[in-house]
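A short write-up of the structure that comes next.
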């Protein structure tokens, strides 16, 4: 499905979204590493793309379910409540849902007693740029239907009891939307009695659902339908997952890799504001190299991961050492206006020596736990080296050709050590071979005067006396002896 998806979505669109798709063997390695108890852990990929991580998380769950003797009916119910995905691109969501079904397998899907279920892959903004709370209420999901053209906006309200069951919620919203759009719809009361009976709506929630249905009918009758059923079914789910009681145990995935210089103007403004609030903004000197991936991981942990939960993401290798990621590496994210969140990083994986390269820039895998005290990310990484055979090998095939080496040296990232001369020089120390020519009385020197260590001008005679020595007075090896 990944190959088909990449053939449908052009490279320019993928680049604008920062999408780089993960090989199956690496996704399986990550899932196997961090999903240690698949039957009891809930897993989310907040930028699921075509569903590679979801496929392996589903297969990991079903493998353990088979070992435990779980029936296919219970396995389907369990996995669809445990492995979830979100993506901002509608085509990606469609492909990821198909990938999810492929992971479930034809045999399970063909069973006569197969339970009704909804594929838990949702269209939504995983980073939630606007940090929108319009869908959050104390006991319900609330969607404002205002479009700026009306003075007062109506609301579509869904009680928590309804939203908790994703399959029931999707079926209910579809039923309400279809009924509201019927040209000769019957009166609300008898119609809704059948809806409540079909979907098992609790008596205490029926009044709220009735009001929501009447609003949907009014929207349709006034030409403001705006596919509210589709909107609610998809975009509400990421907000619901962000509630503390609904957060997951494990986050996995490959977040968007999008440099600041490629972001649209509005995204740049939001990115900088949110990065500064978390201590990620590294200043104008590296602004164009700042990358969305770090902020995306931090937002995913903030919103969707319960305390003590684990995360593992594929990220640019630059995250281990470059200055634009220095704030992310501290493991202490936040500030005075946001609050503090601590994460403890594990030893990262350095994948740059795995060939052929599977991303346009070198990659790493960054993992950790949502818990304090903060443990910084260092550039002391487990190195993976090897040359793979075939376009998309399995994990077992890939590991035949990969060597994993434990880190030998520790210490802070190289960017933490700043030269005292950094503000005065654009280039570090280097040797250059130079040829000198000397001016005559009739020709003006086209060069700047040479200075000694004290800043005095060095004359031609003095320069000739110094030939064969460096500016520090140490002998320079001749070309023949080097």
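Side notes on the structure shown:
- When 297, 314 are screened for being modelled with pLDDT of 95 or more, under 16 Å from the mean Cα position of the chain (by Cα) and either at positive phi or in a helix (DSSP H, G or I) (or both), only 297 passes.
- Contact annotation: no residue pair with Cβ atoms under 8 Å, 6 or more positions apart or on different chains, pairs a residue in the stretch 160-175 that is assigned by TED's automatic domain parsing to the domain that holds residue 118 with a partner that is surrounded by 19 or more Cβ atoms within 10 Å (Cβ to Cβ).
- Members of the stretch 271-294 that are modelled with pLDDT of 90 or more and assigned to a helix (DSSP H, G or I): 271, 272, 273, 274, 275, 276, 277, 292, 293, 294
- Checked against (1) under 30 Å from residue 260 (Cα atoms); (2) modelled with pLDDT of 95 or more; (3) touching a helix residue (DSSP H, G or I) at 6+ places or on another chain (Cβ under 6 Å), residue 84 passes all but condition (3).
- If you filter the stretch 162-184 down to residues that are under 19 Å from residue 139 (Cβ atoms) and surrounded by fewer than 16 Cβ atoms within 10 Å (Cβ to Cβ), you find that the one that is modelled with the lowest pLDDT is 165.
- Residue 357 meets the conditions (1) touching a residue at least 40 places away in the same chain (Cβ under 8 Å); (2) farther than 16 Å from residue 251 by Cβ; (3) not in a strand (DSSP E or B) in every case but one. The failed one is (1).
- Only one entry in 351, 377 is at pLDDT 95 or above and part of a loop (DSSP other than H, G, I, E, B), namely 377.
- Selection over the stretch 129-149 of residues that are modelled with pLDDT of 70 or more and surrounded by 19 or more Cβ atoms within 10 Å (Cβ to Cβ) gives a count of 3.
- Within the option set 331, 339, 327, being in contact (Cβ under 8 Å) with a residue 12 or more places away in the chain, assigned by TED's automatic domain parsing to the domain that holds residue 272 and farther than 15 Å from residue 292 by Cα holds for one residue only, 331.
- Listed here are the helices (runs of 4 or more DSSP H) enclosed by the stretch 2-69 that have at least 3 residues being at pLDDT 95 or above: 24-34, 52-67.
The values are calculated or read from the model by the stated rules, or taken from the named source; none is laboratory data. Just so it is clear, the structure is predicted and the values come from calculations on it, not from any experiment. FYI the Cβ positions are ideal-geometry reconstructions off the backbone, even for glycines, and counts take in every protein chain you see.
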